[in-house]
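Pasting in a structure now, in structure tokens, and then I'll have a few things to ask.
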Amino acid sequence: MKFIHAADLHLDSPLAGIARRGSVPEHVLKNCTRRALAAMVDLALAEEVAFVVIAGDVYDADWKDYSTGLFFAEQMRRLGDRPCFLVRGNHDAASEITRNLQPPPNVREFSSHTVETIRRDDLGVVLHGRSFPKRAVPEDLSLSYPAPVSGLLNIGVLHTSAENPGEHATYAPCSVQALTVKGYDYWALGHIHARREVSRTPWIVFPGNLQGRHARETGPKGCTLVEVKDRRIVRVEPRAVDVLRWAAETVDVGGAASMVELVQRVRPVLAAAASEADGRPLLVRLTLTGATPLHPALLADPVALEGECQNAAIAAADQVWLESVRFRTRLPAASMAPGPSADALALLAEAFQQALDDPAQCEALLAEMQGLVNRLPGAVGTDLDVPRTAEQLRALGPDAWQIVAHALTAEAAP
């Protein structure tokens with residue numbers, strides 16, 4: 001017997017920021033989370049699993065319309081008479097989803113009022129679970145899960161941050177020790193979007209989300225396929241069902257003296273990332289580091305550099321696009337020759353920094369920046385990394401000065 005453990009489908013969750021860039025074809029981005037769910041159902045049918053477990057966050061938030069719920073119901077009907085057992089998590093808690101549809105008869109949702117036990121003697125399995133009644137659940141729900149049922153495979157289904165939420169919020173925290181001593185054979189967890197095998201004795205697993213949605217959710221995404229023989233778990237393996245993949249790559253361009261040389265360093269890194277995407281479209285967040293005389297030019301015209309890097313992505317492999325290009329470069333220590341012009345620039349740099357040390361000047365600059373952001377469309381403005389405090393503004397000072405210095409020296413060049 002086999003079953004699939006999935007979590008964090010986040011149906012119809014948007015891909016953060018990328019849709020507005022326009023460089024990625026629409027068919028690559030469209031309905032990624034839906035297509036990943038369809039791929040999971042394809043896997044369930046191909047592997048002839050006995051049932052499916054979903055450990056929370058089927059939905060990302062309240063439905064904009066009924067199409068989200070209708071799509072999920074359609075996919076569940078494709079399972080036929082295979083049951084799907086699910087709990088609600090913080091994103092699709094009972095208080096969060098106001099619209100509702102009658103689920104297909106094979107879908108069984110655990111109660112949000114108390115821990116519920118579902119016994120299936122025909123499958124040799126018993127499942128224990130509880131849905132979130134509301135988004136914020138600070139208490140340890142696992143404490144109220146019952147003792148295991150003798151003679152059956154016991155599965156605990158729980159949406160939780162466990163002991164280490166990582167970048168996620170803390171919900172229904174619990175200890176690994178508490179889950180272990182409960183005596184279940186398998187804990188099907190959800191909420192953490194990176195796959196984790198917390199324990200193998202017993203199995204305590206976060207499968208990760210089905211589809212990465214932004215540049216921090218990198219690498220293969222999917223579900224977990226579990227094989228059972230004689231009511232014992234004999235195999236647990238990840239299966240990728242994502243339809244679009246994300247990567248974060250860092251390229252050291254230290255010493256690069258021309259744009260041609262810089263691009264030559266970028267291209268093999270992108271090609272290698274593409275080869276690891278298993279034929280899927282790939283979105284890359286590219287970060288450039290190192291000491292290079294190109295540093296001021298990169299800061300002064302980031303759009304031109306991004307175009308060159310995107311061109312390198314196209315040359316490196318099919319279906320590779322840049323989510324963004326980020327600069328962590330710097331000037332070489334001895335990049336400025338001594339002389340009158342250098343002395344003049346040093347004086348200007350000092351005055352530039354002194355202006356940022358003036359609270360009134362900082363307040364005026366911050367207000368001007370916020371005014372510009374407010375004039376942008378809402379979705380664009382919220383995605384910008386704009387300084388909000390004087391400290392954040394001063395942190396940008398060195399890079400801002402490099403842009404100014406580059407412009408001054410470029411104008412002065414013969």
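The values are calculated or read from the model by the stated rules, or taken from the named source; none is laboratory data. Everything numeric here is computed off the predicted structure, so don't read it as measured data. As a convention, Cβ positions derive from the backbone with ideal geometry for all residues, glycine included, and neighbour counts pool all protein chains shown.
With the structure loaded, tell me whether Glu48 is crowded, with 17+ Cβ neighbours inside 10 Å and more than 16 Å from Leu37 (Cβ to Cβ) or whether it fails that test.
So Glu48 does not fit the description; no.
Here's the yes/no breakdown for (1) within 25 Å of Arg213 (Cα to Cα); (2) out of contact with any helix residue (DSSP H, G or I) (no Cβ under 9 Å at 6 or more places or on another chain):
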{"residue": "Glu261", "(1), (2)": "no, yes"}
{"residue": "Gln264", "(1), (2)": "no, no"}
{"residue": "Ala273", "(1), (2)": "yes, no"}
{"residue": "Gly279", "(1), (2)": "yes, yes"}
{"residue": "Leu286", "(1), (2)": "yes, no"}
{"residue": "Ala291", "(1), (2)": "no, yes"}
{"residue": "His295", "(1), (2)": "no, no"}
{"residue": "Leu298", "(1), (2)": "no, no"}
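Continuing with this model, one more query. Please specify each residue of segment 112-130 satisfying the condition of being touching a residue at least 60 places away in the same chain (Cβ under 8 Å) and part of a loop (DSSP other than H, G, I, E, B).
Selection gives Leu123, Gly124.
Tally up the residues in segment 285-321 that are assigned to a strand (DSSP E or B) and within 27 Å of the chain's Cα centre (by Cα), please.
Residues that pass the stated criteria total 8.
What number goes with the only condition from (1) at pLDDT 95 or above; (2) on the phi < 0 side of the Ramachandran plot; (3) in a loop (DSSP other than H, G, I, E, B); (4) surrounded by fewer than 18 Cβ atoms within 10 Å (Cβ to Cβ) that Gly183 does not pass?
Against the list (1) at pLDDT 95 or above; (2) on the phi < 0 side of the Ramachandran plot; (3) in a loop (DSSP other than H, G, I, E, B); (4) surrounded by fewer than 18 Cβ atoms within 10 Å (Cβ to Cβ), Gly183 comes up short only on (2).
Each row is one residue, and each column tells you yes or no for (1) at positive phi; (2) modelled with pLDDT under 95; (3) among the charged types (D, E, K, R).
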position	(1), (2), (3)
Leu37	no, no, no
Asp60	no, yes, yes
Trp63	no, yes, no
Arg82	no, no, yes
Arg119	no, no, yes
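Kindly list the number of the only condition in (1) out of contact with any helix residue (DSSP H, G or I) (no Cβ under 8 Å at 6 or more places or on another chain); (2) surrounded by fewer than 19 Cβ atoms within 10 Å (Cβ to Cβ); (3) of a type in the set (Val, Ile, Thr) that fails for Val87.
The single condition Val87 does not satisfy is (2).
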